[in-house]
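For reference, the structure discussed in these notes is given below.
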């Protein structure tokens, strides 16, 4: 199957020079108390890209501030409305300033100052309506060298590691060769793959950092009272822990690993990066990732324009800010839930396609989606967004040796 | 596997060079089919989807390779087409030293 993949497509040019594939109006609530008002502001614009993001916590969090700053200045975002209750601790002036510095239109509404829900919703809708009516940003063209792709798996089953995940791995190998930035994560599911992961690092210092990131994930998991990683849970023909982990790890492909990043770190050049989403320091914020949406938001904070989401059992989630492409590993799941899926990788197991066929199909769809085609989850209105408490130390110099 | 055969084999080779293939459907004892390197294999026992079969002769001490990555060390000689599982493969993984963490050794049944 010969699939012609375009090497250039239209994009939005931002004032800071970054290029986006969507022109989202982001409505950000700065504490849960402002969430309903933010949702009401966005509600009339269901067919348009008006996306609600936000942070529920009332206590200070450098991580949450960094995440909202990164997301509100993400290249897929064109303008930002901040919705504050008025007494929360997230510094709204600093956030507004960060967005302003990026050259985007930004407005802050403070519910307590505006007189409550009704007046704030009215003011918010007026502002959003004006943004949607305004002339769009400057257009430009984009190539693989401008593109950042993240990947995650969720609702996995025995087919995930045979079809969808290795297919995404081949997509990553091809896209890194084309100059793109590709990001994988899930160190919690990489136990047993440390040696292979370290062997792919471009420098010895990075190899050490990669090993330590998996060891940290293991420590955190044990501290959370998870059953430890044993081989007894390898089922469905799996024999060893490294073989079990290989299922998720295979999304990273087989190429060199160029760096280790943490949430909000945007790689400065193309390559393959491991995103460490497990908090640093003592385990104190509960489970590192309470669901897939937390990790998707972190992949987007690192600049991901689009997310490849592999699933066997059938997840339906999408995301605010960046389109999610669903790669379904299992043909039976695809047949049952095809409205929610973009790619049927299960065809591999019935001999109807090869891994290379499916990889080419995914690659072609990525460029179509980058050029504006809506994914299944976008069509269905999925805009999940979850942000909680975490804390990170900055990455060390060995983590980002470049190419 | 290149796909599109009328009667595709019941296994899947994830990456050229792998020392195992993975069964993609249940096979009965006595089933015969052709392995990726051309020899005919006869199953000695019924096997479930997901089971691994050796693509070539493996010597005790060899790394077993799936999708290009070592998934453990062979503990005895394995013939082409033979089941690879806990009876002849053990993990290379040495768990980091953690209180409460079990150390995987590939011996689970």
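Values in this text are rule-based calculations from the coordinates and carry no lab data. Note that the structure is a prediction, hence the values are computed from the model and not measured. All Cβ positions, glycine included, derive from the backbone under ideal geometry; neighbour counts span all protein chains shown.
Geometric descriptor of segment B:22-79, per residue, is 90 Å³ (volume of the convex hull of the Cα atoms).
Of all DSSP beta bridges confined to chain A, the antiparallel ones make up roughly 15%.
Considering helices alone, the calculated mean residue ellipticity of the protein assembly as shown at 222 nm is -8000 deg cm²/dmol, with DSSP H runs of length four and up weighted by -39500 (n - 2.57) and normalised per residue. What is segment A:233-359 by shape, rounded, prolate or oblate, if you read a ≥ b ≥ c off the alpha carbon gyration tensor as root eigenvalues and call it rounded for a/c under 1.5, prolate for a/b larger than b/c, and oblate otherwise? Here segment A:233-359 falls in the prolate category. Between residue A:110 and residue A:336, the contour length at 0.36 nm per residue exceeds the alpha carbon distance by 76.8 nm. Shape call for segment A:24-136 from the C-alpha gyration tensor, a ≥ b ≥ c root eigenvalues: rounded (a/c under 1.5), prolate (a/b greater than b/c) or oblate? Oblate.
Centre-to-centre separation between the Cα atoms of segment A:246-300 and those of segment A:326-388: 21 Å. Counted over segment A:1-146, the DSSP beta bridges are approximately 25% antiparallel.
With only the Cα atoms considered, the protein assembly as shown has a convex hull volume of 139 Å³ per residue.
Of the residues A:326, A:19, the one with the fewest other Cβ atoms within 10 Å heads the list, and the complete ranking is A:19, A:326. Residues A:36, A:382 in ascending order of nearby Cβ atoms (within 10 Å, fewest first): A:36, A:382. Specify whether the C-alpha gyration tensor of segment A:144-399 places it in the rounded, prolate or oblate class, a ≥ b ≥ c being the square roots of the eigenvalues: rounded for a/c under 1.5, otherwise prolate if a/b is larger than b/c and oblate if not. Rounded. The residues A:127, A:285, when put in order of fewest to most other Cβ atoms within 10 Å, stand as A:285, A:127.
Between residue A:130 and residue B:77, the simple spin-label model (points 7 angstrom out along Cα→Cβ) gives 8.3 nm.
The simple spin-label model puts a point 7 Å past each Cα toward its Cβ; for residue A:141 and residue A:59 those points are separated by 5.2 nm. Spin-label model, residue A:371/residue A:13: points 7 Å from Cα along the beta carbon direction are separated by 2.0 nm. Taking all Cα pairs closer than 8 Å and separated by 6 or more residues, the relative contact order of chain A comes to 21 percent.
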